[in-house]
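What follows is calculated from the coordinates using simple rules that are stated; it is not laboratory data. The structure displayed is predicted, hence computed values, not measured ones. Neighbour counts are summed over all protein chains in view; Cβ atoms, including those assigned to glycine, are modelled from backbone coordinates with ideal geometry.
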Ligand SMILES: Nc1ncnc2c1ncn2[C@@H]1O[C@H](COP(=O)(O)OP(=O)(O)OP(=O)(O)O)[C@@H](O)[C@H]1O
Ligand SMILES: [Mg+2]
């Protein structure tokens, strides 16, 4: 028997094999660190990545195909979504509704309707209350008089929150007395007003990440302890020092929130633990979250990988810890100017420190420029080393 017919038959088998599938393309709206880390996870699995952001963006440069343009323009969006298998967002502010308008059969996860609810802190709070999720006392205030009444009801200090567009605490203000009300109102009120919340004297802040597929499967990450400084995430430690009962409650509330909002993708649930053992939901983030960055080195499947797998409706990975403990510390900008790698060298001397730099070309005070994760046998030890490595990096 000559050799060629075997080859020919093999060739035929390959060409008629209709089970072969090309690797999918995911479209990410956004070009910041969350888009970057999601893209890196996707590319590792052979998935094609396309990003769209309003301006060329350092963090996603060189990762797949990065486009920039006016993403509120349906034509720009149509060009972007064409050829994608699924669209996702890296931030709740990305215009998912424009993507949905032009996407036809291409799914957009999270859905624009989910983002509409989460984007507005007042609408989100009402939804959480209706879903039976515990939270602090609050009022949606349409006028300064209503805000004064709300302060009388919740007491001082109160927390005033801008309804839309705030992040990293930029839209929050503590109000200690009636004298503070006009200034806070002027600074934060949208045309439809603002949110007034009772200040919670929590003993610690916790967060739980949930990843959920359109077909319903979900996984829940371990509970983390977050330390906020100036209303901004400073560090994340896992396991959280809370009791197993509190951790259970926290995970159950996070799942309840994900199911209530029919989340697809990642959901970050920020929580307060009070002295009397209660858990209150602070707010939700419908995407990978700063409190889940530790999972890259510390969990069997990172939040970024599970985000990608969930939006593709692929089986989810195990979210459990692969190490006894971990800590993540954010690297914030400390000056204004171009970034420099000069200070990185000494941070590498810290044992088991994984340094993540986001690729932003310009630094400014308090801008999130990167983070450090340290894995260790004990949470305290992980935090000490993560702080040490992060403090050596001056971007
Ligand atoms: N009602 C409250 N009582 C006590 N502290 C609060 C309250 N609301 C917010 N905070 C503090 O301010 C931080 C930021 O608040 P919030 O999460 O509402 O703002 P954000 O701008 O969405 O922040 P981020 O983007 O960091 O999540 C909280 O993590 C918490 O430390
Ligand atoms: Mg928050």
Two-site label geometry, residue 394 and residue 248: point separation in nm, points 7 Å out along Cα→Cβ:
5.0
Length added when fully stretched, residue 352-residue 314, from 0.36 nm per residue minus Cα-Cα
10.5 nm
Take the alpha-carbon centre of region 357-395, take the same for region 98-154, and report the distance between them in whole Å.
32
Computed FRET efficiency, Cβ-Cβ of residue 101 and residue 174, R0 41 Å: what is it to the nearest 0.05?
0.55
Roughly what would the spin-label model give for residue 283 and residue 43, points 7 Å off Cα along C-beta, in nm?
3.1
What FRET efficiency would be calculated for the residue pair residue 380, residue 137, taking the C-beta separation as r and a Förster radius of 41 Å, to the nearest 0.05?
0.75
Protection proxy ranking of 346-352, 124-130 - average other beta-carbon atoms within 10 Å, highest first:
124-130, 346-352
Likely footprinting exposure, 111, 119, fewest C-beta neighbours within 10 Å first:
119, 111
Work out, in µm²/s and without decimals, the Stokes-Einstein translational diffusion coefficient of the chain at 20 °C, 1.002 mPa s, Rh from Kirkwood over C-alpha pairs.
96
Calculate, in nm to one decimal, what residue 217 and residue 231 gain on full extension: separation in residues at 0.36 nm each, minus their alpha carbon distance.
1.7 nm
What is the helix-to-structure angle for 379-391, meaning the angle in degrees between its Cα long axis and the longest Cα principal axis of the chain, kept from 0 to 90 and rounded to the nearest 10?
90
By the mean-Cβ-within-10 Å protection proxy, highest first, 311-318, 380-387, 323-330 rank as 323-330, 380-387, 311-318
Would you mind computing, in nm to one decimal, how far apart the modelled labels at residue 145 and residue 260 are, each placed 7 Å from Cα along Cα→Cβ?
3.2
I need the Kirkwood Rh of region 274-322: take the reciprocal of the average 1/r across all distinct C-alpha pairs and report it in angstrom.
12.4
Helix-only mean residue ellipticity at 222 nm, the chain, DSSP H runs n ≥ 4 weighted -39,500 (n - 2.57), per residue, nearest 500. What is it?
-9000 deg cm²/dmol
Stretched fully, the stretch from residue 166 through residue 112 gains (0.36 nm per residue minus C-alpha distance, one decimal, in nm) 17.6 nm
Which angle from 0 to 90°, rounded to the nearest 10, does the C-alpha axis of helix 244-260 make with the longest principal axis of the chain?
70
Take the Cα atoms of region 221-318, build their convex hull, and give its volume per residue in Å³.
101
For region 185-229 and region 250-297, what is the separation of their Cα centres, given in Å?
7
Just to be sure I understand the curve: with the Debye formula and one point per C-alpha of region 349-390, what is log10 I(q)/I(0) at q = 0.19, 0.32, 0.33, 0.34 Å⁻¹?
-0.59, -1.05, -1.09, -1.13
Would you calculate the volume per residue, in Å³, of the smallest convex hull containing every Cα atom of region 204-391?
114
For the chain, take the longest principal axis of its alpha carbons; what is the angle in degrees between that and the long axis of helix 144-154, to the nearest 10 within 0 to 90?
80
